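The values are calculated or read from the model by the stated rules, or taken from the named source; none is laboratory data. In this text, all values refer to a predicted model and were calculated from it rather than measured experimentally. Neighbour counts run over all protein chains shown; Cβ positions are idealised from the backbone, glycine included. Protein only, heavy atoms only, side chains kept; ligands, DNA and RNA dropped before computing areas. Shrake-Rupley method; radii C 1.70, N 1.55, O 1.52, S 1.80 Å.
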Amino acid sequence: MSDDAKNPDLPRRSFIRLIGKWTVVAGALSVGVETMKHLPTAAASESIISRYPPQGPVPGYNWLDHHWAFAVDATRCIGCLRCVEACKIENDVPFNPYNTRTWVERYVYLDGEKEPHVDSIDDPRDIAAAGTRMNYRFADLYEGQKVDQAFFIPKLCNHCTNPTCVEVCPTGASYQTPDGVVLIDKTYCIGCRYCVQACPYGARYFNEQTNTADKCTWCYHRITKGMKTACVEACPTHARKIGDLKDPNSDVSVFIRENRVQVLKPEMGNQPNVFYVGLNKDVC
Amino acid sequence: MPKHIVRLIMLLAAIVVVYFVGRAFLTPKSFYVYGHFRGASPREIASIKPTFLDPTAFKESEPAIYATWSTGIHKVVPCQDCHVGAVHEGAKGPIPRGPFPKSSLELCTQCHQKIVARPGFQPQINVALHAHGLQCVTCHNPHSPTETPFGKPLFTTSTLASAQGNLAAGQKLSAQCAACHGAKGVSTGPAFPNLACQSKAYLVTALTEFQKGTRSNPIMSGVAKGLSNADKLNLATYFSSQKCGGK
């Protein structure tokens with residue numbers, strides 16, 4: 001005869017067993033809660049504070065003092081593509097015409113046509129003219145044709161104030177720093193390519209060598225050391241400028257003050273931080 | 001409470017515990033310090049070593065070239081615009097000895113070939129007409145292209161190109177050249193280059209080079225030998241004023 005039979009409502013043994021089980025559950029839960037409580041305490045511990053101060057984790061650089069922005073004077077661009085090559089070398093971007101952190105587009109309006117012809121270094125005709133995929137140039141297309149208007153437009157990541165790429169990133173690998181730069185943590189990127197799709201400017205590409213998304217960092221390793229980005233350094237005509245909006249005398253602050261600047265696709269609401277002179281309605 | 005419900009609750013509790021413990025161990029310490037990202041990541045990105053250097057970085061290692069470059073018209077073109085690509089050919093050290101691409105016909109034309117969309121302020125040439133397949137560095141010092149590779153002025157915009165020769169005198173002299181180059185500078189055969197509409201300074205330089213022997217051709221060296229400086233300028237003035245293709 002079992003206890004259950006004697007007292008079917010709540011026999012002593014079952015009661016004790018139940019209490020025992022719940023004690024285990026409660027204990028485990030409290031361990032979990034305790035670990036959770038420990039997280040912020042660990043972050044607040046002395047070593048974390050000194051390694052991750054509010055001024056940012058980069059030694060010798062205070063990201064609260066800066067707000068970076070970029071400017072492009074498209075009327076000065078001669079389409080020499082030195083910026084593309086300098087960027088690829090500086091940032092280990094694969095040497096092929098399809099993956100670029102910065103690139104230049106050529107817009108050509110032929111006589112009597114309304115739509116522009118647009119080509120860039122990944123155009124088969126331009127690849128053929130360069131002869132090798134290690135070297136880039138704009139081919140002498142449109143020779144002998146009547147051209148109404150033609151110009152070059154350098155492009156790069158806009159480091160938007162409202163970055164869509166960061167919004168869609170499922171892991172926290174894409175993020176925005178307080179100094180206005182959008183970066184990718186390659187150790188955290190799972191290569192899902194949502195961000196590549198999400199960018200309205202096509203500024204991101206998928207790097208087959210690292211299996212992560214990749215894009216322009218405004219040479220974060222240079223600007224945090226007081227240097228200019230590689231593409232700005234390479235440009236022989238000063239078509240590109242990088243500068244700090246918190247410094248009223250920086251190249252970009254002056255450029256924005258002295259010119260009527262535009263941004264690409266303002267209607268998207270991303271609030272880009274690359275400011276252009278020399279766009280027209282078809283450039284997007 | 002029925003047994004299967006208790007088991008279910010225990011299972012759920014175990015999952016919650018595993019989640020929190022796993023999360024505590026797997027989330028990097030610096031995550032959430034600044035936001036929804038790893039706080040160490042900006043430091044890692046910022047610690048990459050810059051490779052594209054300011055030209056002043058080569059002031060000490062290449063003093064002579066730096067001096068020529070910094071006083072010439074190419075001082076707006078940083079060293080590594082022409083030299084950095086060589087890194088990809090396995091070169092060591094800050095400045096590779098040679099430029100990349102190796103052929104200056106490919107290098108200089110990246111910026112100077114006349115193509116649609118290149119703005120007018122940039123000096124541009126029709127490569128075939130201007131260089132005739134010769135390397136640009138045979139006539140131009142790449143580090144100061146208004147000089148020859150030997151340091152002599154190749155042209156100053158004020159002297160050669162703008163000096164006025166005597167058109168009539170040039171036309172008279174050109175009779176000597178007509179057999180090969182044509183009376184109006186449109187040549188009589190593929191072996192002879194056209195002279196019509198060629199730039200004046202180019203023609204003067206070419207004739208001077210034939211005279212000096214820096215460019216050699218059995219026929220032209222002989223022809224050029226007898227020409228004075230004034231003759232060269234007059235001939236160049238005449239041929240450069242002729243219409244391309246004689247039309």
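Which condition number does A:Val104 fail, the rest of (1) at pLDDT below 90; (2) surrounded by 21 or more Cβ atoms within 10 Å (Cβ to Cβ) being met?
Only one criterion in (1) at pLDDT below 90; (2) surrounded by 21 or more Cβ atoms within 10 Å (Cβ to Cβ) is unmet by A:Val104, namely (1).
In this structure, is A:Asp140 free of Cβ contacts under 8 Å to residues at least 24 places away in the same chain, open to solvent by 30 Å² or more (accessible area, probe 1.4 Å) and closer than 17 Å to B:Ile115 by Cβ?
On the way: free of Cβ contacts under 8 Å to residues at least 24 places away in the same chain: yes; open to solvent by 30 Å² or more (accessible area, probe 1.4 Å): yes; closer than 17 Å to B:Ile115 by Cβ: yes.
Against the criterion (free of Cβ contacts under 8 Å to residues at least 24 places away in the same chain, open to solvent by 30 Å² or more (accessible area, probe 1.4 Å) and closer than 17 Å to B:Ile115 by Cβ), A:Asp140 qualifies.
Regarding B:Glu44, is this residue surrounded by fewer than 19 Cβ atoms within 10 Å (Cβ to Cβ) and either in contact with a Ser or Thr (Cβ under 8 Å, 6 or more places away or on another chain) or at pLDDT 90 or above (or both)?
Details: surrounded by fewer than 19 Cβ atoms within 10 Å (Cβ to Cβ): yes; either in contact with a Ser or Thr (Cβ under 8 Å, 6 or more places away or on another chain) or at pLDDT 90 or above (or both): yes.
Yes; evaluated as a whole, the condition is true for this residue.
Give segment A:216-228 a look and list any residue that's on the phi > 0 side of the Ramachandran plot and at pLDDT 95 or above, or say none.
Going residue by residue through segment A:216-228, those that are on the phi > 0 side of the Ramachandran plot are A:218-219, A:226.
Across segment A:216-228, the qualifying residues are A:Trp218, A:Cys219.
Which ones in segment A:109-134 are touching a helix residue (DSSP H, G or I) at 6+ places or on another chain (Cβ under 7 Å) and assigned to a loop (DSSP other than H, G, I, E, B)?
As a first pass, look at segment A:109-134 and keep what is touching a helix residue (DSSP H, G or I) at 6+ places or on another chain (Cβ under 7 Å): A:119, A:121, A:133-134.
Answer for segment A:109-134, where residues must be touching a helix residue (DSSP H, G or I) at 6+ places or on another chain (Cβ under 7 Å) and assigned to a loop (DSSP other than H, G, I, E, B): A:Ile121, A:Arg133, A:Met134.
Quick check on this structure: which one of B:Lys102, B:Lys184, B:Lys92, B:Lys172 is assigned to a loop (DSSP other than H, G, I, E, B), of a type outside the set (A, V, I, L, M) and modelled with pLDDT of 85 or more?
On the way: B:Lys102 fails: modelled with pLDDT of 85 or more; B:Lys92 fails: modelled with pLDDT of 85 or more; B:Lys172 fails: assigned to a loop (DSSP other than H, G, I, E, B).
So the residue among B:Lys102, B:Lys184, B:Lys92, B:Lys172 that is assigned to a loop (DSSP other than H, G, I, E, B), of a type outside the set (A, V, I, L, M) and modelled with pLDDT of 85 or more is B:Lys184.
Restricting to segment A:123-136, count the residues that are open to solvent by 30 Å² or more (accessible area, probe 1.4 Å) and either facing chain B (nearest Cβ under 10 Å) or closer than 16 Å to B:Gln110 by Cα (or both). Before you say what the answer is, go through the steps one by one.
At the first step, the residues of segment A:123-136 found to be open to solvent by 30 Å² or more (accessible area, probe 1.4 Å) are A:124-125, A:128-129, A:131-134.
After this cut, where a residue has to be either facing chain B (nearest Cβ under 10 Å) or closer than 16 Å to B:Gln110 by Cα (or both) as well, the list is A:125, A:128-129, A:131-134.
Number of matching residues: 7.
Just to be sure I understand, how many residues within segment B:187-216 are closer than 24 Å to B:Ala168 by Cβ, part of a helix (DSSP H, G or I) and without any contact (Cβ under 8 Å) to a residue 12 or more places away in the chain?
1
Could you grab me the full set of residues in segment B:191-247 that are among the charged types (D, E, K, R) and over 16 Å from B:Leu154 (Cβ atoms)? So that I can check it myself, show each step before the final result.
Just the residues of segment B:191-247 that are among the charged types (D, E, K, R), to begin with: B:200, B:209, B:212, B:215, B:225, B:231-232, B:243, B:247.
Selection gives B:Lys225, B:Asp231, B:Lys243, B:Lys247.
Among the listed residues A:Asn249, A:Asn162, which satisfies the condition of being touching a residue at least 12 places away in the same chain (Cβ under 8 Å), in a loop (DSSP other than H, G, I, E, B), open to solvent by 40 Å² or more (accessible area, probe 1.4 Å) and more than 20 Å from A:Val104 (Cβ to Cβ)?
Working: A:Asn249 fails: touching a residue at least 12 places away in the same chain (Cβ under 8 Å).
One residue alone meets the criteria, A:Asn162.
Is there a residue being at the interface with chain B (Cβ under 10 Å from one of its Cβ atoms), over 30 Å from A:Val118 (Cα atoms) and at pLDDT 85 or above anywhere in segment A:78-91? Spell out the reasoning first.
The first filter runs over segment A:78-91 and keeps only residues at the interface with chain B (Cβ under 10 Å from one of its Cβ atoms), leaving A:78-83, A:85-91.
Pick out the ones that are also over 30 Å from A:Val118 (Cα atoms) and you get none.
No.
Among the residues that make up segment B:134-152, is at least one of them modelled with pLDDT under 90 and within 19 Å of B:Ala196 (Cβ to Cβ)?
no
Name the residue, out of B:Ser221, B:Ser240, that is open to solvent by less than 40 Å² (accessible area, probe 1.4 Å), polar (S, T, N, Q) and under 16 Å from B:Ser174 (Cβ atoms). Working first, answer last.
Values: B:Ser221 fails: under 16 Å from B:Ser174 (Cβ atoms).
Unique residue meeting the criteria: B:Ser240.
Go through (1) open to solvent by 20 Å² or more (accessible area, probe 1.4 Å); (2) within 11 Å of chain B (Cβ to nearest Cβ); (3) touching an Asp or Glu at 6+ places or on another chain (Cβ under 8 Å) for A:Asp119 and report which single condition fails.
For A:Asp119, the failing item is (1).
Go through the residues of segment B:10-17 one by one and say whether even a single one is among the β-branched types (Val, Ile, Thr) and more than 7 Å from chain A (Cβ to nearest Cβ). Don't jump to the end; show me each part of the working.
Initial filter on segment B:10-17 (among the β-branched types (Val, Ile, Thr)): B:15-17.
Then drop every residue that is not more than 7 Å from chain A (Cβ to nearest Cβ), which leaves B:15.
There is at least one residue in segment B:10-17 that is among the β-branched types (Val, Ile, Thr) and more than 7 Å from chain A (Cβ to nearest Cβ).
Select from segment B:125-140 the residues that are under 16 Å from A:Leu141 (Cα atoms), surrounded by 15 or more Cβ atoms within 10 Å (Cβ to Cβ) and out of contact with any Leu (no Cβ under 8 Å at 6 or more places or on another chain) and list them in ascending order. I'd like the intermediate steps shown before the answer.
First pass over segment B:125-140, keeping only residues under 16 Å from A:Leu141 (Cα atoms): B:125-128.
Right, trim to surrounded by 15 or more Cβ atoms within 10 Å (Cβ to Cβ) and you get B:125, B:127.
Scanning segment B:125-140 gives a single hit, B:Ile125.
Might you let me know whether segment A:143-154 holds any residue that is closer than 30 Å to A:Pro54 by Cβ, open to solvent by less than 30 Å² (accessible area, probe 1.4 Å) and more than 12 Å from every other protein chain (Cβ to nearest Cβ)?
Taking every residue of segment A:143-154 in turn, none turns out to be closer than 30 Å to A:Pro54 by Cβ, open to solvent by less than 30 Å² (accessible area, probe 1.4 Å) and more than 12 Å from every other protein chain (Cβ to nearest Cβ).
So which of A:Pro94, A:Pro124 is in contact with a strand residue (DSSP E or B) (Cβ under 8 Å, 6 or more places away or on another chain), more than 19 Å from A:Tyr276 (Cα to Cα) and at pLDDT below 90? Break it down into steps so the answer makes sense when it comes.
Numbers: A:Pro124 fails: in contact with a strand residue (DSSP E or B) (Cβ under 8 Å, 6 or more places away or on another chain).
On inspection, the qualifying residue turns out to be A:Pro94.
Hey, any hits in segment B:39-62 for a residue that's more than 29 Å from A:Leu183 (Cβ to Cβ), more than 8 Å from chain A (Cβ to nearest Cβ), of a type in the set (Asp, Glu) and touching a residue at least 24 places away in the same chain (Cβ under 8 Å)?
Yes.
Take the residues in segment A:201-228 that are polar (S, T, N, Q) and at the interface with chain B (Cβ under 9 Å from one of its Cβ atoms); name whichever of them is farthest from A:Asn270 (Cα to Cα).
A:Thr224
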